[in-house]
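Read the figures in this text as sums done on the coordinates, not as results from a lab. The model shown is predicted, which means the values in this text are computed figures rather than measured ones. Here the Cβ positions follow ideal geometry from the backbone for every residue, glycine too, while neighbour counts run over all protein chains shown.
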Amino acid sequence: MNDKAKKVIDICSLFLVSQVSTLMSEMVNKPDAKILSSPNWKRIVNFAVSNDICDFDRSFNPRNIRPVPKLITIAKLIQDFFEDRIVSIDNNYIAEIIDKNCDQPFELIDDQISIKKDWQFVFDEHSEHGIFQWLKNFFRVSIKFYTPKNLKHAIINGGPIWKQVFGENVRELFDLKKFDSDLFLSVMRAMHQSNSKESETLVEILKEYACKNILDVGGATGAFSRAFSKANPSSEVSVYEKNDTLTLVKSIARELSLQEPENFKYISGDFFDSSIQDGLFGIPSEARYDLIILGWILHDWSDEECVKILGKVVFHLKKEGVVLLLEKPLSPEGLGPATTLDLTMLFQTGGKERTLSEYLEIGNACGLKFKSYHQTNSRRDLIFLENYEKS
Ligand SMILES: C[S@@+](CC[C@H](N)C(=O)[O-])C[C@H]1O[C@@H](n2cnc3c(N)ncnc32)[C@H](O)[C@@H]1O
């Protein structure tokens with residue numbers, strides 16, 4: 001019996017179901033929630049609860065999404081793997097484990113973990129509000145990552161596995177277009193939809209920052225910025241994005257018929273471009289912003305890279321300005337709803353999830369100090385940083 005193999009399959013299965021469960025918990029108070037009481041979805045909730053993956057009660061009310069023992073175990077297992085860097089996998093053993101647990105939603109076919117036919121409702125059910133549609137789109141990509149082979153590769157190499165999964169041409173999410181343009185579009189749509197939903201909550205919290213000059217660094221399709229500009233017509237909002245991403249993002253915006261508010265614009269650039277000494281390439285050196293947002297940017301990168309990015313960003317901050325990090329910090333023990341996202345970062349970007357004090361350390365290294373922290377029930381919290389010296 002191979003103990004490591006058991007751990008790998010535990011991680012793969014629990015991780016997938018935990019993702020579904022977390023997304024489901026977000027839906028409970030939304031119109032789609034009525035679907036959760038269907039027998040199919042009851043099965044997945046029961047699976048999640050009986051495996052200690054997610055803390056639902058049986059009436060489908062999520063208690064606080066908090067770390068449950070299985071997630072703590074997963075986090076520890078990942079650490080173990082990193083320490084000895086040897087993962088040996090015995091596929092027969094894995095198949096046996098999957099077979100034994102007949103209520104498992106997954107099966108192993110040619111080293112690929114697939115959702116069993118009678119669990120296909122995870123993909124197939126949909127509602128007029130489309131939440132299941134984007135869940136399905138996310139899954140079409142993420143399920144490819146969670147195979148023993150790919151997991152092993154990511155863990156041993158400590159980095160993203162796009163090339164291993166999708167081929168040489170695909171180095172990151174945006175290269176998915178070269179692999180399968182429909183798949184790419186469906187993922188972008190999913191990302192845009194899920195971020196737009198969350199943005200409504202965040203924009204409400206950010207009310208006091210209305211009428212300001214705002215820069216959204218790495219803002220992608222501008223899900224957040226569009227919501228912000230709409231709610232605050234007197235703000236000037238700019239999304240800073242990589243040029244090649246921007247070309248795609250604009251065509252996605254057209255395909256999704258996204259409205260372009262008048263007070264919203266894109267700036268093309270690259271936050272790693274070092275062809276100018278200070279500030280962000282593509283932004284006039286005299287430009288200064290009241291609010292600079294980095295939404296799910298720092299968790300994509302290593303500490304050193306984060307300091308580089310933030311260092312360039314801070315150059316464009318007004319003395320009295322504020323930097324806003326949209327992230328879900330881990331608890332001081334390194335746990336929390338983002339525990340599983342940590343694994344996603346390993347697969348997709350080579351980045352990691354951090355505790356609040358780890359984010360503050362990065363801020364400190366760039367001349368920023370803690371201003372405030374706003375915890376939310378959504379996937380991201382708000383961490384506000386400000387200049388050490390304001391005058
Ligand atoms: C995880 S997405 C975050 C999107 C958005 N901020 C949000 O909150 O959902 C990371 C974004 O960073 C952008 N990005 C990656 N490298 C970049 C670079 N070197 N310069 C500018 N943007 C970059 C990507 O194109 C992508 O849109």
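Please list, in order, the residues from segment 202-240 whose amide nitrogen is less than 19 Å from a point placed 7 Å along the Cα→Cβ vector of Ser268.
216-222, 238-240
Which entries of Lys197/Lys328; Lys144/Lys265; Lys250/Lys319; Lys265/Lys352; Lys242/Lys371; Lys319/Lys369 have Cα-Cα distances beyond 24 Å here?
Too far apart for the 24 Å limit: Lys144/Lys265; Lys250/Lys319; Lys265/Lys352; Lys242/Lys371.
Run the numbers for Glu361 and Ser331: contour at 0.36 nm per residue of separation, minus the present Cα-Cα distance, in nm.
9.3 nm
So for the pair Ser251, Lys369, with labels modelled 7 Å out along Cα→Cβ, what separation do we get in nm?
Here the answer is 4.9 nm between the modelled labels.
Nearest 0.05, what FRET efficiency do Lys319 and Glu260 give at R0 = 30 Å with Cβ-Cβ as r?
The value I calculate is 0.45.
Within a Cβ distance under 11 Å of Leu360, other residues only, what is the Lys/Arg minus Asp/Glu net charge?
+1
Pop a pseudo-label 7 angstrom from the Cα along the beta-carbon direction at both Thr376 and Glu208 and give the gap in nm to one decimal.
1.6
Can you tell me the length gained on complete extension of the stretch Thr201 to Ser275, counting 0.36 nm per residue apart and subtracting the Cα distance?
Answer, rounded to one decimal: 22.9 nm.
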